[in-house]
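Let me begin by presenting the structure, written as structure tokens, before commenting on it.
Derivation of every value follows stated rules applied to the coordinates shown; laboratory data play no part. It should be emphasised that the depicted structure is a prediction, and the values quoted were computed from it without experimental measurement. Heads up, the Cβs are rebuilt from the backbone with ideal geometry, glycines too, and the neighbour counts pull from every protein chain shown.
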Amino acid sequence: MVIVFALVALLVLSALVAGNWLVWRRLFRDTTRGPGFVRRAGAVVIAGGWALTVAAFVAERAGAPFPLQQVLAWPGFLWLALSIYLLLGVLAGEVVRPLLRRWVERRARAEEAVPEPELLPVGVTAAMSPAAEPAAPQTAPPASGPAPAPVPVTGLDPAPTTGQGPAFTTALSPSPQTGSAPSFTPAPAPGPAPTPTPAPDSADPSRPLATPTRRLFVSRVIAGAAAAAAVGTVGYGTYGVLRGPQVKRVTVPLAKLPRAAHGYRIAVVSDVHLGPVLGRGFAQKVVDTINGTQPDLIAVVGDLVDGSVKDLGPAAAPLAQLRARHGSFFVTGNHEYFSGAEQWVEEVRRLGLRPLENGRTELPHFDLAGVNDVAGESEGQGPDFAKALGDRDRARACVLLAHQPVQIHDAVDHGVDLQLSGHTHGGQLWPGNLVAELANPTLAGLERYGDTQLYVSRGAGAWGPPTRVGAPSDITVIELASRQA
């Protein structure tokens, strides 16, 4: 078992290193012309971000001084979310990259195929250009008398070593027509033959990018798009958490619910996760939102805090303002057992909530029961369904509070009509929902298991990064419906 765990840890670490190397390469190495400050800064940002993330988790679990936890939490947890979406953006860029490269090449070939006008040296006309077709020789009757000897003219021959223009060797001779005006016959300059002009790029459609400039352009466009998408996604997801959860309303019919209880409202809140990031102000938003729904009963179904009563007692204080006709109830989640479950049970009791520790209360029209989270088994405080439900009257409707959806199977065995849970966060960060779906029977929403219905809230807060993508936070108002009505 230890070997398997070590192999899994090694695979995870390898994937993490490979992913971050790819992010550094695409965002920093491929967008620069060579080694320098930008590449070094990119390596420092990535390595430093992960160092802060690890430090934030360690400080929280180790009970470090709370101010230190707060200093580390914001940058460390936000980097975790940002790194996820930077990697996803880079991977998406790998799909776009060949398409963009082909488009850039096509544009470049189209521009290179357009001929440019030939530039001639100053004082040289098109007729004197070596590229021009030589004029056809003119013939005329020879003039009487001997023809004068040709006079070589060297003044028209620019210095061939300067590279400033073509060289000409020209003979000056009298015109056969007038006998006085000289005619110019260009002759090729001595020296090596000119280099032939290469064929246009379009002759080889499979040719790779011609210049480093084009490769750099493509890399910068894709890197910029990936970074902008990642920052925008994390920014919007963080704003969605900090503004507070939205109210969601769901109607749940129960066969055993009497007509008098038709329309009974239960406000379900889970996974608030008060801690170094989400503090008293966030708790106040949650309380105000719940009270605004005017519920008959409030159910807090676990993972209220991430920290000790000493550090988070002031942050949880607004819970004393919760108001409902039949009161507020609380069950533990797995994070309470990371934070001192017994102390928090006493604290919420002091704030006016009633903990249901494997217990049950009989309300006017149905039974309300609650069980501890499965994480309490390590402390001898795990869920006890027999204690909570064993001796109840099954002719009455029963609503069960249980933090994790996996507890639904025990609820079915004990004849529960409706189980209210949280824990999953709806995946919190897409595509984390794909993993959460594998670990939970229901990710979010209402589903039926035999005669028992299960409702799973996405939660009000967030764990780790104060960010949600594809899984908006909620407080759900369950409205019970009587089939007799």
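Around the amide H of L400, modelled in the peptide plane, lie the amide H atoms of A369, L418, Q419, L420, all under 5 Å away and 5 or more residues distant in sequence or on another chain.
Which of rounded, prolate, oblate describes the stretch 293-333, given a ≥ b ≥ c as roots of the alpha-carbon gyration tensor eigenvalues and a/c under 1.5 marking rounded, otherwise prolate only if a/b is larger than b/c? Judged from the Cα gyration tensor, the stretch 293-333 comes out oblate (a/c at least 1.5, b/c at or above a/b).
Looking at the stretch 244-482, the DSSP beta bridges with both ends there are about 30 percent antiparallel. Scaling against 2.2 N^0.38 Å puts the C-alpha radius of gyration of the stretch 244-482 at 0.92.
Normalised by 2.2 N^0.38 Å, where N is the number of residues, the C-alpha radius of gyration of the stretch 268-410 stands at 1.01. Distances between placed amide hydrogens fall under 5 Å for R354 paired with S328, F329, F330, all partners being 5 or more residues away or on another chain.
Of the trypsin sites (Lys or Arg not before Pro) found in the stretch 316-395, those in coil by DSSP whose Cβ has at most 12 other Cβ atoms within 10 Å are R325. Once both labels are positioned 7 Å from their Cα atoms along Cα-to-Cβ, the gap between V8 and V58 label points is 2.3 nm.
Candidate cross-link partners of K387 among the lysines, defined by an alpha-carbon separation under 29 Å and a same-chain spacing of 8 or more, comprise K256.
Rg then Dmax, both in Å and based on the Cα atoms of the stretch 210-267: 25.5, 80. Considering only alpha-carbon pairs that sit under 8 angstrom and 6 or more positions apart, the relative contact order computed for the stretch 244-482 is 28 percent.
Scalar couplings 3J(HN,Hα) for the stretch 266-276, obtained by applying the Karplus form with A = 6.51, B = -1.76, C = 1.60 to θ = phi - 60°, are 10, 8, 9, 10, 9, 6, 5, 6, 4, x, x Hz; x denotes Gly and Pro. Under 5 Å between amide hydrogens, built in the peptide plane, is the criterion, and for Y449 it picks out L454 among residues at least 5 positions away or on other chains. Label separation (D391 vs L100): 7.0 nm, computed from points 7 Å beyond Cα along the C-beta direction.
Relative to one another, the C-alpha centroids of the stretch 308-365 and the stretch 368-427 are positioned 16 Å apart.
Rounded to the nearest 0.05, the FRET efficiency derived from the C-beta distance between S378 and Q484 at R0 = 51 Å is 0.70. In order along the stretch 405-412, the phi-based Karplus estimate (6.51 cos²θ - 1.76 cosθ + 1.60, θ = phi - 60°) of 3J(HN,Hα) comes to x, 5, 7, 5, 5, 5, 5, 4 Hz; Gly and Pro are listed as x.
Mean projected area of the Cα convex hull of the stretch 4-69, taken over all directions, amounts to 6.0 nm². For the stretch 230-333, the dipole from Cβ point charges (+1 on Lys and Arg, -1 on Asp and Glu) about the Cα centre works out to 460 debye, to the nearest 20.
Taken one residue at a time, the phi angles of the stretch 76-93 give Karplus couplings (6.51, -1.76, 1.60, θ = phi - 60°) of x, 6, 5, 5, 4, 5, 5, 5, 4, 7, 5, 5, 5, x, 5, 5, 5, x Hz. Gly and Pro are set to x.
Of the trypsin sites (Lys or Arg not before Pro) in the stretch 1-48, which ones lie in a loop per DSSP and count no more than 13 other C-beta atoms within 10 Å?
Listed in order of number, the matching sites are R33.
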